[in-house]
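Below is one structure, written out as structure tokens; the observations come after it.
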Amino acid sequence: MKKLKELFDRGLLWAAAKFFTLGLILTRSLFKLRMSHDNGTTAIGTVKIVENPRFPAHDFLQAGRSFKCRLRHASVSYPDDAVIQVRAASLKFADSRYDSPFDLELNTGTISLFWTARNFLEFAQAKKMTQGLAFSAYYDKYPTGLEAGKEGIRKYPSSFSRLYYYSQCAQLFLGKDGVKRYVKFRMIPEDRGEESGIIPRKDLENRWSELAAPGETLSPNYLKQEFADRIGLGPVRYHLQLQLHTAEENESPEIFNCNVAWDEKSHPWMDAAQVEVNRLLSLDENNLMRFSVGLAPASLGIIPSVSIDDYNSINYLRTHAGAAKTARLFFYKIFGMPKPVTNWRDDTSSERRPARIVQK
Ligand code: HEM
């Protein structure tokens, strides 16, 4: 009986992932849109693993090893850099549109708005805006999801390069010593200085609005433009850091809950690599990028999951969404590359406007 239940749980997870991906293809890819993170910009450069790692010897993250890389920054939800929302950094350990030995997808905020496939699917259905805020019904049901929202959103950040970005989900870290560990990553500014755009908690007591501020004077492209200008002046650098947790027998599943940050005292951040980007890619090249958490060596692989209530099912869904990304590129071929959208703020046809890329 137990075996049958396990089989059913796994089957349901598989079916949920396939069904969700099909939904993405029909509602997003077909319209040449990503599920999220559409409004972005990509640069190329190098990732160099630190010379003297404080973390255990690792076959992939070898001291001094260097990779070409692509770094894509994005505003997660809206085609307007001036809107309050989460920002992102996706790092590919290769100068490639897709193929890579290792990809990382990082968002601002230490914790995730959703933490199992089940509540991610609820989140995805709660897009409706109430008083200028999407996902309000989800936040009503899940106060810790609302907390994650408050933690991750940024208002008028000065630069993509002045933010802290987190992987939030744990993945495997199998060192050369054979000890099983789990790892989380983050990427921080070169000077390790204060993060820009954090909204004081007292200003978030009544939540926040994701509509463009009336009479907004900041360009909808200001963050992308600032990043382009910054790269024009010279290389932009970051530190990639990691946090480790040694696997324990009878581990509480809570260690995998991406809505809970690991304690920095017991799990200190350690430098893993220096990231340096020095040349911006075109808008078309930026659009042709696909990242995947499934692109990783076995020693940094994703943690298996067994049901839609398993914390690791978040990464399971992500790895199964590949068809939606491939379909997005297929529809570029059929319908042409996405055109820049410039009049987002004037479009009052729907309360939640379609996320498209705004570029000059
Ligand atoms: C803590 C959890 C998550 C984080 C940190 C995260 C982060 C990201 C980031 C940074 C991107 C931008 C990639 C780019 O620059 O092209 C992205 C895109 C995307 N994510 Fe997530 N994500 C999470 C959960 C999920 C889940 C549960 C799904 C479910 C399938 C998902 C599906 C996608 C898809 C389909 C895209 C668009 C990719 C494309 O079309 O190229 N993500 N995510």
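The values are calculated or read from the model by the stated rules, or taken from the named source; none is laboratory data. None of the values given here were measured: they were computed from a predicted structure. Note that we place each Cβ from the backbone using ideal geometry, even for glycine, and neighbour counts take in every protein chain shown. Protein only, heavy atoms only, side chains kept; ligands, DNA and RNA dropped before computing areas. Shrake-Rupley method; radii C 1.70, N 1.55, O 1.52, S 1.80 Å.
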What is the Cα centroid distance between region 11-29 and region 238-287, reported in whole angstrom? 27
Spin-label zone in region 18-53 - amide nitrogen under 18 Å from a point set 7 Å from the Cα of SER219 along the C-beta vector: 39-43
Kindly point out which whole DSSP H helices in the chain project their C-alpha atoms 27 angstrom or further along the helix axis while averaging a Kyte-Doolittle hydropathy of 0.0 or above. 2-27
With +1 at each Lys and Arg Cβ and -1 at each Asp and Glu Cβ, the charge dipole magnitude of region 108-251 around its Cα centre, to the nearest 20 debye, comes out at 200
Per-residue ellipticity at 222 nm attributable to helices in the chain (runs of n ≥ 4 DSSP H, -39500 (n - 2.57) apiece, nearest 500 deg cm²/dmol) works out to -7500 deg cm²/dmol
Pairs to check: LYS92/LYS127; LYS127/LYS155; LYS18/LYS339; LYS92/LYS325; LYS127/LYS150. Give those whose C-alpha atoms are more than 23 Å from each other in this structure. LYS92/LYS127; LYS18/LYS339
Tell me whether region 3-46 comes out rounded, prolate or oblate; compute the Cα gyration tensor, take square roots of the eigenvalues as a ≥ b ≥ c, and use a/c under 1.5 as the rounded threshold. oblate
Computed Rg/Rh of region 1-159, alpha carbon atoms with Kirkwood Rh: 1.02
Determine the order of THR41, THR319, THR326 by accessible area, beginning with the largest, at a probe radius of 1.4 Å. THR326, THR319, THR41
How large is the dipole of the chain about the Cα centre if only Lys and Arg carry +1 and Asp and Glu carry -1, each at its Cβ, rounded to the nearest 20 debye? 1000
With springs connecting C-alpha atoms under 10 Å apart, model the chain as a Gaussian network and identify which of LYS333, LYS48, LYS202 has the largest mean-square fluctuation. LYS202
Highest-first arrangement of 307-313, 223-229, 192-198, where packing means the average Cβ count within 10 Å: 307-313, 223-229, 192-198
Taking R0 as 30 Å and r as the Cβ-Cβ distance between LYS176 and TRP14, the FRET efficiency 1/(1 + (r/R0)^6), rounded to the nearest 0.05, comes to 0.35
Calculated Rg and Dmax of region 147-236 using C-alpha coordinates, Å: 17.5, 59
Give or take rounding to whole Å, what are the principal axis extents of the alpha carbon atoms in the chain, in descending order? 57, 54, 48
Projected-area average for region 74-150 over all orientations - Cα convex hull basis, square nanometres: 6.4
Could you order the peptides 157-167, 29-39 from most to least packed, using the average number of other C-beta atoms within 10 Å per residue? 157-167, 29-39
MET270, MET337, ranked by accessible area, largest first (probe 1.4 Å): MET337, MET270
